[in-house]
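Notes for the one structure printed next.
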Amino acid sequence: MHIEDGILQPAWWISWYAATAAFVAPGLREIRKRIQENLYYKPFLAMVGVAVFVISSMHMPCPVTGSCSHPCGTPLASIIVGPFATVIISIVVLFFQAVFLGHGGITTIGANTISMGVCGTFVGYGLWKLFRYLNSPVWLAAGIAGLFGDLATYLASAGELALNLLHGGHLPFFRQWMVFFMGYGPTQFPLAIVEAIFTAGILHVMISRRPDLIPDFAPAHQAVPTKTALDSPGGR
Amino acid sequence: MMPEIDDRKIFMDSFVKVCLIAFLIFEVAIFASATYMNIHKMVGTGTDDLVNDAGATATSGSATTHHPFINLPGDTQLGAFSIANFFVGLMVGYTWRKIYFDTKKEDVESQWKKSGSGGPDRLPSPGGVKA
């Protein structure tokens, strides 16, 4: 899903940058709010950023199709650090991947953020919330979030490429979209299943060890270090 | 007073075992897949590159070349990433212990203070030693 420089027309990559900009302020606000609530959040956010960088750079071979692709990590990140914070993480991750790995591009950070950081994040997070609302077990809700968050990322990326050919392309939009998606799909589907498994596994371990770091599971009685508590006289 | 710590458990506790098993599973899967792909003459190109080439060809008539914005020549890239991996690994490991230390047991910092010395190297690992 890492679209490179020189593929999208300027009107499109500028539009994707503008769309991404709309998520920056809510993302920073979410990070600031959750740091105030829990001091563990800041180092935790940094670690989740590292995890998203590694997961979305980790090319896994698919022997059926003979090509490699990577999971995204953003559905998992959205559940544990919040969806808007995950958009900020995605921007940082995509910048470093573009600059140092040649993975993606500078002009396409906006487009790639919309696919991985927004579509993958919010589809995954929305499904997680929906399945938890329906009292699904954690492993099922997290697995569904990982699976469909991953596929949504690649659908969005294919859609961006198809939109780029909206004027001057040889195929109707929907067919062009599916042509691009089928470039990803056969390799991506097994990896989406892998993403579902590790999203479920990691979340299960996290909830058993540090439920206070995940808002839906933080026990009301458990004291977590807050900035207010530390600032107050007699605070830790 | 720090609890008695068995150094063997610190070195090879349940956390390290799980990490080693996961690491081996991933590596075996990658090497087995790569061997199969080699035997069947599969190139193993990334789907990102394939679709980017298709997109570039459809847009401008030719596939773009893929290279980093800052291109490190030859093995300098290996050196840069080895150093980055080393220090990032240290930072992640250090932060990991602080975050995932079992909060039901005594707080990490209070254990350091109580012991009067020591530090992270003498702390019981989350899955290894009962405090």
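Brief remarks on what is shown
- Complete set of residues in the range A:26-84 that are farther than 21 Å from B:Thr47 by Cβ, of a type in the set (Gly, Ala, Ser) and touching a residue at least 12 places away in the same chain (Cβ under 8 Å): A:Gly27, A:Gly49, A:Ala51, A:Ala77, A:Ser78, A:Gly82
- Selection of the range A:154-170 for residues being at pLDDT below 90 and more than 9 Å from chain B (Cβ to nearest Cβ) yields A:Leu166, A:His167.
- Members of the range A:175-200 that are free of Cβ contacts under 8 Å to residues at least 60 places away in the same chain, farther than 15 Å from A:Gly124 by Cβ and out of contact with any Gly (no Cβ under 6 Å at 6 or more places or on another chain): A:Arg175, A:Met178, A:Val179, A:Phe180, A:Phe181, A:Met182, A:Gly183, A:Gly185, A:Phe189
- The sole residue among A:Lys42, A:Lys129 that is surrounded by fewer than 21 Cβ atoms within 10 Å (Cβ to Cβ), within 14 Å of chain B (Cβ to nearest Cβ) and among the charged types (D, E, K, R) is A:Lys42.
- Selected residue (criterion: modelled with the lowest pLDDT) from residues of the range B:56-79 that are part of a helix (DSSP H, G or I) and within 8 Å of chain A (Cβ to nearest Cβ): B:Ser60
- With respect to the conditions (1) over 17 Å from A:Pro71 (Cβ atoms); (2) of a type in the set (D, E, K, R); (3) in contact with a Cys (Cβ under 6 Å, 6 or more places away or on another chain), A:Asp150 lacks only one, and its number is (1).
- Residue within the range B:10-17 that is within 30 Å of A:Arg209 (Cα to Cα), modelled with pLDDT under 75 and of a type in the set (A, V, I, L, M, F, W, C) present: yes
- A:Asn135 passes every criterion in (1) surrounded by fewer than 24 Cβ atoms within 10 Å (Cβ to Cβ); (2) in a helix (DSSP H, G or I) apart from (2).
- Verdict on A:Ser15 being crowded, with 16+ Cβ neighbours inside 10 Å, over 15 Å from the mean Cα position of the chain (by Cα), among the small types (Gly, Ala, Ser) and modelled with pLDDT of 90 or more: yes
- When residues of the range B:33-55 are limited to those that are more than 8 Å from chain A (Cβ to nearest Cβ) and either free of Cβ contacts under 8 Å to residues at least 12 places away in the same chain or in contact with a strand residue (DSSP E or B) (Cβ under 7 Å, 6 or more places away or on another chain) (or both), the one surrounded by the most Cβ atoms within 10 Å (Cβ to Cβ): B:Asp53
- Residue satisfying all of: in the range B:80-104; surrounded by 14 or more Cβ atoms within 10 Å (Cβ to Cβ) and in a loop (DSSP other than H, G, I, E, B); modelled with the highest pLDDT among these: B:Phe101
The values are calculated or read from the model by the stated rules, or taken from the named source; none is laboratory data. Every value quoted in this text rests on a predicted model; they were computed, and no experiment measured them. Quick reminder, even Gly has a Cβ in these numbers, built from the backbone with ideal geometry, and neighbours come from all protein chains shown.
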